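Read through the structure below, which is laid out as structure tokens, and then see the notes.
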Amino acid sequence: MTDITLPTYADVEAAAKRLEGHAHKTPVMTSRTVNDLLGAEVFFKCENLQRMGAFKFRGGFNALSKFTPEQRRGGVVAFSSGNHAQAIALSARLLGMPATIIMPHDAPAAKVAATKGYGGNVVVYDRYKEDREAIGRKLAEEHGMTLIPPYDHPDVLTGQGTAAKELFEEVGTLDAIFTPLGGGGLLSGTALTARALAPQCKIYGVEPEAGNDGQRSFRSGEIVDIPTPKTIADGAQTQHLGNYTFGIIRRDVTDILTASDAQLIDSMRLFAARMKILVEPTGALGLAGALTIKPELQGKRIGIVISGGNVDLERFCQLLSN
Ligand SMILES: *Cc1c(COP(=O)(O)O)cnc(C)c1O
């Protein structure tokens with residue numbers, strides 16, 4: 001790994017200032033049913049109720065608000081088919097700069113439409129023939145755009161850490177905190193926050209069972225690369241952690257757990273039926289992962305970040321009816 005300087009909790013605090021008045025301070029929800037089910041006191045941080053429907057607004061807005069006037073004129077470029085695209089498009093619109101989003105040709109029409117709806121200029125590429133990172137770099141060079149990656153960037157991951165900051169400030173210290181894990185922006189930002197505000201708190205990332213590269217990386221001490229995993233958790237289909245995110249995760253995180261698609265569906269059903277909230281498959285990873293280590297959580301106070309709620313209703317119904 002190349003020599004990099006990892007961000008700190010002070011950077012999370014600075015991000016929180018930049019987000020003030022722009023990001024929602026999302027609600028913390030509790031459920032007697034879930035407490036009984038887990039044998040613990042559980043606090044859910046509801047980022048499914050964040051602007052554009054996921055925590056990614058935090059990192060995107062934080063990164064873009066640090067642009068120089070010259071960078072703002074050139075605008076931002078991002079590659080994503082999901083929540084990062086919408087986060088960047090919305091943040092750019094709010095900050096008055098152009099945004100170009102590079103999406104695969106087979107991205108769901110609803111996601112393309114949502115990104116365009118936030119004012120993003122969508123460029124389509126063939127995911128089997130073209131290299132999206134090369135396209136992004138080319139656009140950045142030729143048009144003076146600044147590339148903002150979905151997770152491996154100090155301003156992105158420290159922005160994501162502000163969700164946990166709000167959670168600890170609202171409910172006090174916790175024995176354990178669980179977040180979904182894709183490329184590790186949310187988990188590493190959460191880890192910086194937890195280490196600063198609740199030093200004894202255990203920190204868990206939860207990734208799809210079909211793609212446990214994070215778990216293997218954490219346990220082997222080296223970033224493991226995998227083919228795009230097949231899972232319903234489309235926000236966590238990443239192939240590897242990043243240098244920044246892994247640097248923090250290996251140092252601060254307690255362990256990485258996994259959850260199967262069936263376990264995610266059970267958790268989505270519980271959220272809908274008992275808590276009346278709509279959670280996307282990836283957003284349910286935290287609860288599903290906590291349930292896998294239930295014996296260790298008896299009588300504890302735990303936090304679970306619900307990372308997003310962007311799933312179209314037909315798909316949601318289809319998943320729950322199986
Ligand atoms: C992006 C995303 C994740 C994974 O976040 P990373 O920072 O890549 O680990 C989890 N849940 C949702 C809803 C997401 O959009």
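The values are calculated or read from the model by the stated rules, or taken from the named source; none is laboratory data. Since we're looking at a predicted model, the values are computed, not measured. Counting neighbours? That spans all protein chains shown, and the Cβs are built from the backbone with ideal geometry, glycine included.
Just a few scattered comments:
- Members of segment 168-218 that are more than 22 Å from PHE43 (Cβ to Cβ), touching a residue at least 12 places away in the same chain (Cβ under 8 Å) and either part of a helix (DSSP H, G or I) or more than 14 Å from the ligand (Cβ to nearest atom) (or both): GLU209, ALA210, GLY211, ASP213, GLY214, GLN215, SER217, PHE218
- Residue match in segment 122-129 (condition: aliphatic (A, V, I, L, M), out of contact with any Cys (no Cβ under 6 Å at 6 or more places or on another chain) and touching a residue at least 40 places away in the same chain (Cβ under 8 Å)): no
- Residue match in segment 168-176 (condition: buried (at least 22 other Cβ atoms within 10 Å of the Cβ) and under 16 Å from the mean Cα position of the chain (by Cα)): no
- Lone qualifier among ILE177, ILE232, ILE203 - being farther than 26 Å from THR5 by Cα and not charged (D, E, K, R): ILE232
- Here the helices (runs of 4 or more DSSP H) wholly within segment 1-105 that include at least 1 residues being touching a helix residue (DSSP H, G or I) at 6+ places or on another chain (Cβ under 9 Å) and within 16 Å of the ligand (Cβ to nearest atom) are 9-19, 56-65, 83-95.
- Selection within segment 232-245: residues that are of a type in the set (A, V, I, L, M, F, W, C) and crowded, with 24+ Cβ neighbours inside 10 Å. The member of this set that is farthest from PRO154 (Cα to Cα) is ALA233.
- Here is the figure for segment 106-136: residues that are crowded, with 17+ Cβ neighbours inside 10 Å and assigned to a loop (DSSP other than H, G, I, E, B) total 3.
- Any hit, segment 235-242, residues being of a type in the set (A, V, I, L, M), part of a helix (DSSP H, G or I), within 26 Å of VAL12 (Cβ to Cβ) and under 18 Å from the mean Cα position of the chain (by Cα): yes
- ILE226 out of contact with any Asp or Glu (no Cβ under 6 Å at 6 or more places or on another chain) and either β-branched (Val, Ile, Thr) or without any contact (Cβ under 8 Å) to a residue 24 or more places away in the chain (or both): no
- Single condition LYS45 does not satisfy, out of (1) in contact with a Phe, Trp or Tyr (Cβ under 8 Å, 6 or more places away or on another chain); (2) under 30 Å from ASP175 (Cα atoms): (1)
- Within segment 274-314, the set of residues being within 14 Å of the ligand (Cβ to nearest atom) and part of a helix (DSSP H, G or I) comprises PRO281, THR282, GLY283, ALA284, LEU285, GLY286, LEU287, ALA288, GLY289.
- In this structure, LYS276 qualifies as free of Cβ contacts under 8 Å to residues at least 12 places away in the same chain and of a type outside the set (S, T, N, Q).
- Single unsatisfied condition, THR258 versus (1) at pLDDT 95 or above; (2) within 12 Å of the ligand (Cβ to nearest atom); (3) hydroxyl-bearing (Ser, Thr, Tyr): (2)
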